[in-house]
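Novice: Sharing a structure here in structure tokens format.
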Amino acid sequence: MNKPIRTISIFCLLLFLALMINATYLQYYRAGALEEDPRNRRVLAASFSGDRGAILVGREAVAESVRSDDQYEFQRRYPQPLKYAHVTGWFSYFSQTGIEQSQNDVLSGDDSLLFVTRLVDLLSNSTPKGGSVQLTLDPAAQDAAFNGLEALPGEAQGAVVALEPTSGKILAMVSSPSFDPNLMASHDFGAVADTARRLGSAESEPLLNRAIQTTLPPGSTFKIVTAAAALESGNYADAQSLVPGGPTYQLPLTSGESGVVDNGGRACGSDRIPMIQAMEQSCNTSFAQLADELGPEAMHDQAEAFGWNSTYLEDLPLQAPSAYPDDLDQAQTALAGFGQSSVTATPLQMAMVVSAVANGGVAMQPYVVDEVRSPELDVLDKTEETSLSRAVSASTAEELKEMLVSTVANGTASPAAIPGVAVAGKTGTAESGRADVPPYAWFVSFAPADDPQVAVAVMIQKADIPRGEIAGGAVGGPIAKSVMEAVIQ
């Protein structure tokens with residue numbers, strides 16, 4: 001072989017070697033990264049065209065894939081869009097949210113739990129199908145929560161969360177205003193982009209899941225935490241123990257009227273009153289003085305025992321932690337005693353508080369994904385109930401329960417009363433801190449008190465209600481009552 005031919009042959013061999021090395025690199029070493037690259041439109045198109053599994057509530061699908069008559073084989077559909085939007089989220093060509101995001105591997109069929117299903121589909125040359133996700137939501141409780149928020153006057157903003165105290169199952173989660181995820185799952189990508197811009201820029205923030213992403217001052221519902229800290233301190237034996245009272249209280253480190261706390265004319269005595277009376281009448285002066293007496297560290301530790309300053313809901317992305325700062329001064333700590341100052345909470349967090357009290361002092365980790373199922377609905381995995389923390393002792397929980405039952409029977413939480421059922425509850429009205437923003441209305445409760453089946457938190461951030469008529473009991477109490485009745489009945 002002459003030299004020019006030999007040179008060309010060697011050069012061609014090197015080209016073939018380079019091609020083989022590059023193909024091996026791309027198809028083996030880089031395959032995973034390329035498949036997950038958001039710029040890979042072929043993978044996106046294949047995923048968007050797949051027969052995605054259903055999201056189930058009870059026996060009904062609240063998210064499902066149906067045949068499409070365009071270039072994509074399947075269209076994602078949400079039969080009850082507004083009621084479940086913030087839990088299901090949406091699945092679009094561009095993004096996913098909610099359960100559609102957190103359970104994407106199961107719903108798309110890529111999860112290792114579905115390996116056998118994928119293998120059978122491959123061998124039988126069948127169209128691959130995704131697995132289904134069964135949620136913990138109770139349809140009746142979800143209906144009651146949704147209808148309660150929808151009935152509020154004007155363009156209301158708020159949320160409702162209901163938990164099963166003994167397990168941590170989320171029985172209801174509704175945020176208002178809602179949105180239609182069908183519009184986000186459309187195959188008309190221009191319309192999807194327009195919808196995303198419109199919803200994202202709306203002043204009412206309909207895409208926000210207020211149940212887990214909005215933190216506001218919890219107002220008097222936080223008095224449950226203060227009472228828990230007082231009982232846990234050992235300074236107070238039970239619900240009948242005498243605590244500071246009085247019609248007004250001057251905050252520490254302050255002077256003048258701006259530092260005066262009052263009770264809005266409620267019956268809070270003049271010196272010492274039973275703790276149960278302070279809870280029934282929602283006495284700001286009592287709980288401010290208790291918090292000041294306990295001190296910043298004890299209050300901070302008790303709040304964290306209930307779940308403040310942490311995230312614990314793994315099934316839904318973007319949970320906002322409720323905040324109890326560790327640097328509050330004496331005056332701020334006193335304000336925190338009745339849910340003001342820099343203390344904020346999500347509706348889920350306040351549901352966790354009453355749920356822990358109902359469950360003998362143990363806070364269970366909340367969850368909304370109950371089971372993962374195959375396309376044939378065989379159960380592949382089931383969430384195990386897990387305790388998050390012991391928030392208070394069993395004896396403290398019993399004393400708190402006694403106070404909260406009395407608050408419904410004899411005090412400010414009477415709108416949640418259910419005939420023939422012992423209900424525990426607490427109302428709250430939290431100042432927004434702005435003259436142009438009305439107070440926030442809160443209500444927390446659980447029932448039946450002697451055998452708790454459901455714990456509820458209602459938060460009304462905004463509604464077309466005169467400022468002087470906004471009160472947690474009047475606004476949130478009836479909603480909480482309807483949710484509890486839906487579960488109990």
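The values are calculated or read from the model by the stated rules, or taken from the named source; none is laboratory data. Computed from a predicted structure; not experimentally measured. Ideal geometry is used to build each Cβ from the backbone, glycine not excepted, and the neighbour counts take in all protein chains shown. The area values use the complete protein model at the heavy-atom level, side chains included, leaving out ligands, DNA and RNA. Shrake-Rupley method; radii C 1.70, N 1.55, O 1.52, S 1.80 Å.
Novice: Keeping to segment 63-108, report how many residues are aliphatic (A, V, I, L, M) and farther than 25 Å from Pro366 by Cβ.
Specialist: Final tally of qualifying residues: 1.
Novice: Given the condition open to solvent by 10 Å² or more (accessible area, probe 1.4 Å), out of contact with any strand residue (DSSP E or B) (no Cβ under 9 Å at 6 or more places or on another chain) and in a helix (DSSP H, G or I), answer yes or no: does some residue in segment 201-213 qualify?
Specialist: There is at least one residue in segment 201-213 that is open to solvent by 10 Å² or more (accessible area, probe 1.4 Å), out of contact with any strand residue (DSSP E or B) (no Cβ under 9 Å at 6 or more places or on another chain) and in a helix (DSSP H, G or I).
Novice: Here's another thing I want to ask about it. Got a sec? Which of Ala288, Ala331, Ala305 is more than 21 Å from Glu399 (Cβ to Cβ), open to solvent by less than 30 Å² (accessible area, probe 1.4 Å) and either among the basic types (Lys, Arg) or assigned to a helix (DSSP H, G or I) (or both)?
Specialist: Ala331
Novice: Quick one: in segment 268-284, of everything that is aliphatic (A, V, I, L, M) and touching an Asp or Glu at 6+ places or on another chain (Cβ under 9 Å), which residue is surrounded by the most Cβ atoms within 10 Å (Cβ to Cβ)?
Specialist: Once the filter is applied, the top-ranked residue is Met275.
Novice: Return yes or no: is Asp51 among the acidic types (Asp, Glu), open to solvent by less than 100 Å² (accessible area, probe 1.4 Å) and at pLDDT 80 or above?
Specialist: yes
Novice: Another question, if that's okay. Looking at segment 315-335, which of the residues that are within 30 Å of Val369 (Cα to Cα) and in contact with a strand residue (DSSP E or B) (Cβ under 8 Å, 6 or more places away or on another chain) is modelled with the lowest pLDDT?
Specialist: Here the residue is Asp315.
Novice: Do the conditions hold for Gly234, that is, is it surrounded by fewer than 21 Cβ atoms within 10 Å (Cβ to Cβ) and at positive phi?
Specialist: So Gly234 passes the test.
Novice: Follow-up. Return yes or no: is Val483 crowded, with 19+ Cβ neighbours inside 10 Å and either within 24 Å of Pro177 (Cβ to Cβ) or at pLDDT below 95 (or both)?
Specialist: yes
Novice: Also, I was wondering about something else. Within segment 66-99, count every residue that is within 10 Å of Pro181 (Cβ to Cβ), out of contact with any Lys or Arg (no Cβ under 9 Å at 6 or more places or on another chain) and small (Gly, Ala, Ser).
Specialist: 3
Novice: Does segment 285-302 include one or more residues that are in contact with an Asp or Glu (Cβ under 6 Å, 6 or more places away or on another chain) and under 26 Å from Ala363 (Cα atoms)?
Specialist: Yes.
For every residue, the table says whether it meets (1) within 20 Å of Ala63 (Cα to Cα); (2) of a type in the set (Ser, Thr, Tyr).
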{"residue": "Pro165", "(1), (2)": "no, no"}
{"residue": "Pro181", "(1), (2)": "yes, no"}
{"residue": "Ser186", "(1), (2)": "yes, yes"}
{"residue": "Arg198", "(1), (2)": "no, no"}
{"residue": "Ser220", "(1), (2)": "no, yes"}
{"residue": "Thr226", "(1), (2)": "no, yes"}
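Novice: Quick one: which strands (runs of 3 or more DSSP E) sit completely within segment 343-406 and have at least 1 residues that are acidic (Asp, Glu)?
Specialist: Here the list reads 369-373, 379-382.
Novice: Scanning segment 161-183 for residues that are open to solvent by 10 Å² or more (accessible area, probe 1.4 Å) and among the aliphatic types (A, V, I, L, M), which turns out nearest to Ala449 (Cα to Cα)?
Specialist: Leu171
Novice: Can you list residue pairs whose Cβ atoms sit under 6 Å apart, with the first residue in segment 78-95 being open to solvent by less than 30 Å² (accessible area, probe 1.4 Å) and the second being among the small types (Gly, Ala, Ser) and in a strand (DSSP E or B)? Count only pairs 6 or more apart in sequence or on different chains.
Specialist: As it stands, the answer is Tyr78/Ala63; His86/Ser175; Thr88/Ala63, since those pairs meet every condition given.
Novice: Additional query: Just the residues that are without any contact (Cβ under 8 Å) to a residue 40 or more places away in the chain and of a type in the set (Gly, Ala, Ser), please, taken from segment 197-245.
Specialist: Selection gives Gly200, Ser201, Ala202, Gly234, Ala237, Ser241.
Novice: If you don't mind, another one. Can you say whether Ile488 is surrounded by fewer than 21 Cβ atoms within 10 Å (Cβ to Cβ) and in contact with a Ser or Thr (Cβ under 8 Å, 6 or more places away or on another chain), as far as the supplied structure shows?
Specialist: Against the criterion (surrounded by fewer than 21 Cβ atoms within 10 Å (Cβ to Cβ) and in contact with a Ser or Thr (Cβ under 8 Å, 6 or more places away or on another chain)), Ile488 does not qualify.
Novice: Then there is this: Consider only pairs whose beta carbons are under 8 Å apart and that are at least six residues apart or on different chains; among these, list those whose first residue lies in segment 394-422 and is buried (at least 16 other Cβ atoms within 10 Å of the Cβ) and whose second residue is part of a helix (DSSP H, G or I) and of a type in the set (Lys, Arg).
Specialist: The qualifying pairs are Pro415/Lys481; Ala416/Lys481; Ala417/Lys481; Ile418/Lys481.
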